[in-house]
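Step one of this worksheet: look at the structure below.
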Amino acid sequence: MSERVGIAELRIVRAPQVLKAYGLGSCLAVALYDPHTQLGGLAHSLLPQQCNGDPPERSAKFVDEAIRLMVEELSRAGADPARLLARSAGGANMFESQYLTLMQSIGGRNARSARETLQELGIPLVGEEVGGNRGRTVTFDLATGRLLVYSARDDRTLVL
């Protein structure tokens, strides 16, 4: 059974569930997985983090906050944060000027925010398919812990 994860949403499920996030452009999908309990979560985040001065918001809209929320929810559901593994996909440079570097684009900043937050939390990033200028759709299979990444432009599938 498959469950959709929309923009600014996250879902926590256990195997044999499958989670999907469609139409990732500059958005970033981050999957967290505990292989021992087969519990995992998928977030579909829009922005790297909140801007200074914005009212605090606990939301999957922001990459850094989505990761922290998933860790908390997975822990409550029985996952061990020390066993979590991460995979991410998306973070493309879809509409911005070709003169911007990847690290200046929203997509690049989303991917960097994920790497930094995961490193801060001690969660290994074991697979990543980010950047470029093509959209992606991901399928997160909780039975295997694998993230399947479908590329919109070249009809290829990558297994992370």
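Starting from a Cα-only point model with no solvent, please compute log10 I(q)/I(0) by Debye for the chain at q = 0.13, 0.14, 0.15, 0.16 1/Å.
One equal scatterer on each Cα of the chain leads to -0.53, -0.61, -0.70, -0.80.
Under 16 Å from the 7 Å Cα→Cβ point of Ala77, by amide nitrogen: which residues of the range 8-34?
9-21, 30-34
In what sequence do Arg153, Arg112 fall when counting other Cβ within 10 Å, fewest first?
With the fewest neighbours first, Arg153, Arg112 line up as Arg153, Arg112.
Counting only the backbone N, which residues of the range 11-55 are under 18 Å from the spot 7 Å out from the Cα of Asn133 toward its beta-carbon?
Answer for the range 11-55: 24-27.
Determine the sum of side-chain charges near Gly127: Lys and Arg each +1, Asp and Glu each -1, restricted to other residues whose C-beta is under 9 angstrom from that of Gly127.
Residues close to Gly127 contribute a combined charge of 0.
No lab work stands behind these numbers, since they all come straight from the coordinates. Nothing here was measured: the structure is a model prediction, and the numbers come from that model. No Cβ is skipped: glycine too gets one built from the backbone with ideal geometry, and neighbour counts run over all protein chains shown.
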